[in-house]
Every structure is written in C-alpha cells, then in structure tokens.
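Taken together, the values in this text are just the output of simple stated rules run on the coordinates, not laboratory data. Please read these numbers as outputs of a predicted model, since none were measured by experiment. Glycine also receives a Cβ, built like all others from the backbone with ideal geometry; neighbour counts cover every protein chain displayed.
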Amino acid sequence: MTRIITFGTFDVFHVGHIRILQRARALGDHLIVGVSSDNLNFSKKSRYPVYPESERMEIIRSLIGVDEVFREDSLELKGEYIKKYQADVLVMGDDWVGRFDEFKSLCEVIYLPRTEGISTTKLISDIKSYA
Ligand code: C2G
C-alpha cells in the first residue's frame with residue numbers, strides 16, 4: 001500500500017487540477033489531498049479564492065481516485081501532515097520544484113509537470129473579459 005499526499009488550493013477547478021490528481025493517484029494506492037484554507041490562500045496570494053474552502057473540499061472529495069481530503073492550514077505544517085497521514089510520497093506540480101526537498105527525509109518527493117496553458121488566474125482573467 002503506497003500512500004500519496006498532495007496539496008493545493010484547487011480554486012475554479014480545471015483540467016490541470018484533475019490531471020495532477022490522476023497522475024498522483026497512479027503513483028500509489030491511496031491519495032490524500034490537503035486543500036489550502038481560505039486564510040492560507042490569502043496569506044500566499046493576497047486574495048481569497050473564488051470558491052470558499054468548504055466548496056473546494058467538497059469538489060475534491062467527490063472525485064474518483066481521491067481517498068481522503070483535509071484542510072491545509074499552514075505551509076509550515078507540511079511535515080506534520082506527511083507524518084499524520086503516513087504518506088510515502090509527496091507529489092507537487094513542478095512550479096514548486098525544489099521547494100519541498102526538505103521532506104525527503106520523511107517520504108519520497110516527486111514534482112510532476114504542470115498542464116500547459118491553463119490556470120485559475122488565466123480563467124479569472126478570461127471570465128472578466130467576457131463580462
Ligand atoms: N497544476 C497543474 N497544472 C496547472 C495548474 C495547476 O499541474 N495548469 C497543479 C499545481 O502544480 C499544484 C496543483 O495543481 O500541484 C494545485 O494547484 P493550485 O491550486 O494552484 O495550488 P498551489 O497554489 O500550487 O498550492 O501547500 C502547497 C500549496 O497549497 C499548493
């Protein structure tokens with residue numbers, strides 16, 4: 001049994017999100033997803049997500065291949081989450097490459113390529129341009 005953990009905001013859910021979750025799940029048998037809280041997102045990006053954390057977690061929880069979902073309250077707690085959920089592998093998109101190497105003492109750390117050409121920021125900007 002290989003337990004995979006990954007993290008993200010997953011705001012305005014799109015195909016880049018589903019692809020990384022599917023590829024993460026394919027690396028093991030059990031996928032645990034930490035969904036960044038609204039406050040954590042504000043501290044990272046100086047804006048609140050479009051979808052509140054309860055809805056973002058509901059969407060992620062409904063996906064085939066996602067086995068467990070929890071709220072990620074702080075970037076500093078990543079090591080604690082890895083231990084708590086007994087993760088064997090941490091998967092992140094390659095926009096984070098190198099950033100989580102410190103956790104290699106706790107589990108394997110794998111960065112997967114992002115899906116090109118789509119992002120929540122671009123979607124928000126596109127939607128604004130239609131308004
Ligand atoms: N992603 C992707 N392709 C895209 C957009 C996103 O593969 N076109 C991946 C990101 O690399 C990340 C995951 O989808 O692994 C979630 O992306 P975000 O919601 O943007 O989350 P992020 O802000 O990277 O939060 O603790 C770490 C953070 O909470 C990660």
Given pairs K78/K104; K83/K104; K78/K122; K44/K78; K45/K122 and cut-off 23 Å on Cα-Cα distance, the over-length ones are K78/K122
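Relative contact order for the stretch 1-68: what percent, with Cα pairs under 8 Å and sequence separation of 6 or more?
Taking the mean separation of contacting Cα pairs over the length of the stretch 1-68, I get 39 percent.
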Restricting to Cα pairs under 8 Å and 6 or more apart, the percent relative contact order of the stretch 3-130 works out to 30
Assertion target for Y81, Y130, ordered by fewest C-beta neighbours within 10 angstrom first, is Y130, Y81
Distance in Å, no decimals, from the C-alpha centre of the stretch 88-103 to the one of the stretch 1-35 is 13
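Per DSSP H run of at least 4 residues, take -39500 (n - 2.57); add these up for the chain, divide by its residues and hand me the 222 nm value, nearest 500 deg cm²/dmol. Kindly include the intermediate steps, with their values, before the conclusion.
Details: 5 runs with 46 residues, N = 131.
Rounded to the nearest 500, it is -10000 deg cm²/dmol.
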